Amino acid sequence: MVEAYLRRTPLTHLGLAARAASDAVGVDIVMAERPHRCQINLRGSAGDPAFTAALHSVTGLVLPANANSFTTEGEFSCLWLGPDEWLIVGPGGGEVEITQRLRAALGSVHAAVTDVSEARTTILVAGASARDLLAKGTSIDLHPRVFGPGRCAQTGFAGANVILRQLDDDASRGPTFEILTLNSFAEHLWLWLEGACREYRLAVGVH
């Protein structure tokens, strides 16, 4: 008898799906877990045309031109982590194939491709008060003039090392952020965020 593998998220035990609100109208902040996403760590030289061409041929992505920024093509993004390191993120399910195709396309190019999808989960924080909430947990400047859509950073947040990025800034509903955190810190961060939300109207969402 073959038993099916039940894939759980780091926050499954918190019962977020059961708490999800059907309507987020009138709330200040929406939080949700975005689990099991494609996350591929990429190392190489941005100045090597063969390296950038291989990335583009497989994913359609180009490397970010500036530090602490990301590019997007379709549902996938390429986040700058360092001068020779990036993180490809997108919907889960195709990470094994993409990793294999990248390695094949790179061939003998000096580069490294590592599937790290199971290492982290993603917490989405959105709403009119999202920026104020996140500013409580990090020392980096989150003012819109400095940290807006298309920006990302590796930073300390509420005692954990995370990758933070801003996806958009809608005039009616406010900005949307993602916190990529190691699975072992996910519960700590979620509970910290909930505690820091006490002055706001919070809704749990499903993504």
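Does the stretch 70-188 come out rounded, prolate or oblate by the C-alpha gyration tensor, with a ≥ b ≥ c the root eigenvalues, rounded set by a/c under 1.5 and, if not, prolate when a/b is larger than b/c and oblate if not? Walk me through the numbers before you get to the answer.
Details: a/c = 2.00, a/b = 1.75, b/c = 1.14.
Prolate is the answer for the stretch 70-188, as a/c is 1.5 or above and a/b outweighs b/c.
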| How far is helix 183-196 tilted off the main Cα axis of the chain, in degrees rounded to 10, range 0 to 90? | 30
| query | Can you tell me the accessible area per residue over the chain, all protein chains present, probe 1.4 angstrom, in square angstrom? | reply | 50
| field | Rg(Cα)/(2.2 N^0.38 Å) for the chain, N = residue count | value | 1.06
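Quote to one decimal, in nm, the extra length available between His188 and His56 on full extension: 0.36 nm per residue of separation minus the C-alpha distance between them. It would help to have the intermediate numbers written out before the result.
Values: separation 132, 0.36 × 132 = 47.52 nm, distance 3.66 nm.
Stretched out fully, the His188 to His56 stretch lengthens by 43.9 nm.
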| said: Ignoring ligands, DNA and RNA, please state the percent of accessible area on the chain from carbon and sulfur, probe 1.4 Å. | reply: 51
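The values are calculated or read from the model by the stated rules, or taken from the named source; none is laboratory data. For clarity, every value in this text was computed on a predicted model and none was experimentally measured. SASA here: full protein model, heavy atoms, side chains in, ligands and nucleic acids out. Shrake-Rupley method; radii C 1.70, N 1.55, O 1.52, S 1.80 Å.
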